[in-house]
Ligand code: PEP
Ligand code: MN
């Protein structure tokens, strides 16, 4: 529910409205625009009678928000949310690219890749330390050591680091991590999402393998309603009947999410396709349909990668991709 306040509402009238709303057991998300103040009501508003509230003198109009996501809803926050991470900003006029290996494997590997992707224009370094693998016998990541190696690469290059968390118990290890990734398999790990709401760190929330956009936004809502509004959404492909690609990249999710929500939306063409040569064309397409950035897997020796080698591109291919991207990014008025 959205309440638009009258321009000339007095502080007393607003105070009265505020306490009436709180008495109904919902909280207020205040949005101060240039010309109007809007109260977004957060919580279970289904039993609230709009007529009762419209009797308050501060109220200009009341609109019901049909969607179950409130804080993530563009109706609550018409402007794009811009999330700053180091020198990069997501959701504004820039197009930051996150790049790095699927998994952190060794100091040499992560430093070499970090230096290369930085030289090509990446703004953040990715690398998995805790890996969600289909097989328990597959490489599970270097865990704490992986995070330590990422922080070395950060010191070396100055690039902020992005890495995936798989359980609440790992949170203490993420103190020096700049962006915490919630992977596709944990998109609906609600207890984890609530805990991330208390961190204040930007969260990269990837779409689940078989989740709707509304479900993705409800997961963002978990993080936001727990106190952290810095959520970056990521389209990374969904499971369909098609088997030629690892997943089916739902490009239409990008403009649709941008219309449903004010949160930044980035694309992951690596996991979406699972095929190295497809990363570049799908990266271009993502930029053209309005993505706010990309996350791309880059490995210095893809054939030897301990995870996701088939979809990893070399530093040279990444450099070429970054050069190709510019006109597509500029199509939507952004800069790279
Ligand atoms: C990853 O980023 O390496 C990863 C496991 O991603 P996703 O959760 O999208 O599969
Ligand atoms: Mn991967």
Per residue convex hull volume, Cα only, region 84-194, in Å³ is 112
For a quick protection proxy, order the peptides 315-328, 180-193 by their average other-Cβ count within 10 Å, most packed first. 180-193, 315-328
How long, wide and thick is the chain, going by the Cα atoms along their three principal axes, in whole angstroms, largest first? 68, 43, 42
Which angle between 0 and 90 degrees, to the nearest 10, do you get for helix 144-157 versus the longest principal axis of the chain when only C-alpha atoms count? 90
Per-residue [θ]222 nm for the chain (sum of -39500 (n - 2.57) over DSSP H runs n ≥ 4, rounded to 500): -9500 deg cm²/dmol
Helix 11-23 sits off the longest principal axis of the Cα atoms of the chain, rounded to the nearest 10 on a 0 to 90 degree scale, by 70
Rounded to whole angstroms and listed largest first, the alpha-carbon spread of region 108-154 along its three principal axes comes to 36, 19, 16
Give me the angle, in degrees from 0 to 90, between the Cα long axis of helix 213-225 and the longest principal axis of the Cα atoms of the chain, rounded to the nearest 10. 70
Let me see the pair-distance distribution of region 160-298: every alpha carbon pair, 5 Å bin width, integer percents in order. 2, 11, 22, 23, 20, 13, 7, 2, 0
If one builds a Gaussian network model of the chain from Cα atoms under 10 Å apart, the most fluctuating residue listed among 312, 225, 103 is 225
Rank 115, 133, 284 by mean-square fluctuation in a GNM of the chain with C-alpha springs under 10 angstrom and give only the top-ranked residue. 133
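Computed from the coordinates by the stated procedures, all read-outs in this text should not be read as laboratory data. Every value quoted in this text rests on a predicted model; they were computed, and no experiment measured them. Don't worry about glycine lacking a Cβ; one is built from the backbone with ideal geometry, like all the others, and counts go over all protein chains shown.
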